[in-house]
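Colleague: Below you will find the structure I want to go over with you.
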Amino acid sequence: MKPLQASSGDLNADRRADFAEMLLASGEPAQAAELLLGALELAPQWTAGWFRLGEMQEAAHFPDQAAHAWAMAMKLDPADRLGSALKLQLIGHAPVAAAPPSAFVETLFDHYADSFEQSLVGKLRYRMPEFLERAIRAASPSRLALDLGCGTGLMGERLRPIVDRLEGYDISSSMLRKARAKGIYDRLSKSDLQHFSRPDAKADLVVAADVFIYVGALERIVRAIADSLVDEGLCVFSVETLAGGDDFALLPSRRYAHSEAYVRHVLADSGFAILSLESTTIRHDRGEPVGGLAVIARRRPAE
């Protein structure tokens with residue numbers, strides 16, 4: 001419940017919710033859900049409480065009840081900052097959408113900003129910026145680089161020594177504040193990558209390190225990247241690998257994975273030639289390596 005209103009505003013409801021969390025931690029999700037439902041009778045407008053109730057009911061193997069709780073959370077917060085729609089998709093109570101709710105992604109990273117680097121680098125052993133930097137250095141020098149989903153600037157720190165001008169774009173204001181404090185970007189802008197466009201001077205390089213896992217369908221963003229690049233400009237990104245025949249899929253982590261065939265198809269349709277496509281470990285999750293693809297593609301000259 002951390003990302004949105006951890007308190008119901010009612011002391012008795014909060015106490016019941018705390019007891020419910022204790023029951024859940026002790027392996028009694030059904031009893032936890034029952035107790036939290038009682039708390040919500042005292043605080044029926046508590047969005048985060050309904051969302052958490054859905055998680056408890058899901059843990060208790062009551063999917064229909066969980067779906068009702070998440071639907072209530074969405075009714076109370078139509079922007080869906082907690083990502084209830086994704087939960088509904090994962091349990092089969094809604095069709096899988098092409099993209100996550102933008103407000104969910106923004107809220108997630110606004111609240112993750114303070115611990116982002118410690119968690120991602122220290123705990124999850126995230127090394128994608130180093131990996132992509134080596135690949136970029138081997139490809140070609142760049143005058144202007146765009147760092148999409150720049151976060152706190154982990155990729156930007158790698159790009160700064162090898163580009164003349166560096167711009168960062170992110171949906172999270174909190175992440176942008178962290179990046180601004182590093183003083184490595186010439187420009188930082190708040191931007192939802194679902195609607196990204198850049199009419200200014202064309203870039204030589206666009207990088208999206210571990211960003212497309214929060215995008216879903218890639219057709220629009222890859223076309224926008226192509227429009228932002230000069231002829232022969234580079235697009236460099238990573239995705240989490242999806243096994244099987246689907247183009248992309250929403251995972252229980254509420255991140256998206258993409259198939260290699262889909263990545264190749266989207267790039268070709270947007271006028272890119274693949275220079276390299278390499279399987280790698282993009283991070284660890286619960287101690288297990290997460291497989292992904294590191295991709296470098298060059299924009300073909302317009303005919």
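The values are calculated or read from the model by the stated rules, or taken from the named source; none is laboratory data. Just so you know, these numbers come straight off a predicted model, no measurement behind them. Please note: Cβ atoms are built from the backbone with ideal geometry, for glycine as well, and neighbour counts cover all protein chains shown. Remember, those area values only see protein heavy atoms, side chains included, never the ligands or the DNA or RNA. Shrake-Rupley method; radii C 1.70, N 1.55, O 1.52, S 1.80 Å.
Colleague: Identify which of ARG137, ARG255, ARG81 has the largest mean-square fluctuation in a Gaussian network model of the chain, with springs joining Cα atoms closer than 10 Å.
Modeller: ARG137
Colleague: In nm, give the distance between the simple-model label positions of SER26 and ARG127, each being 7 Å from the Cα along the Cα-to-Cβ direction.
Modeller: 4.3 nm
Colleague: Can you tell me the FRET efficiency between SER189 and ARG286 if r is taken as the Cβ-Cβ distance and R0 is 30 Å, rounded to the nearest 0.05?
Modeller: 0.30
Colleague: Can you show me the helix-derived [θ] at 222 nm for the chain, built from DSSP H runs with n ≥ 4 at -39,500 (n - 2.57) apiece and divided by the number of residues, rounded to the nearest 500.
Modeller: Here the helix-only value at 222 nm equals -12000 deg cm²/dmol.
Colleague: So, R0 is 30 Å and r is the distance between the beta-carbons of GLN45 and LEU250; what FRET efficiency does that work out to, to 0.05?
Modeller: 0.60
Colleague: What is the distance, in nm, between label points placed 7 Å from the Cα along the Cα-to-Cβ direction at ALA243 and at VAL230?
Modeller: Distance between the two pseudo-spin positions: 4.3 nm.
Colleague: Moving to a separate point now. From the phi of every residue in segment 45-51, what ³J(HN,Hα) in whole Hz does the Karplus formula 6.51 cos²θ - 1.76 cosθ + 1.60 yield, where θ is phi - 60° and glycine or proline is x?
Modeller: 9, 7, 4, 5, x, 5, 4
Colleague: Sorted by accessible area (1.4 Å probe), largest first, how do SER189, SER197, SER84 line up?
Modeller: Output order, biggest surface exposure first: SER197, SER189, SER84.
Colleague: With every protein chain present, what is the per residue accessible area of segment 74-232 (1.4 Å probe, Å²)?
Modeller: The answer is 43 Å² per residue.
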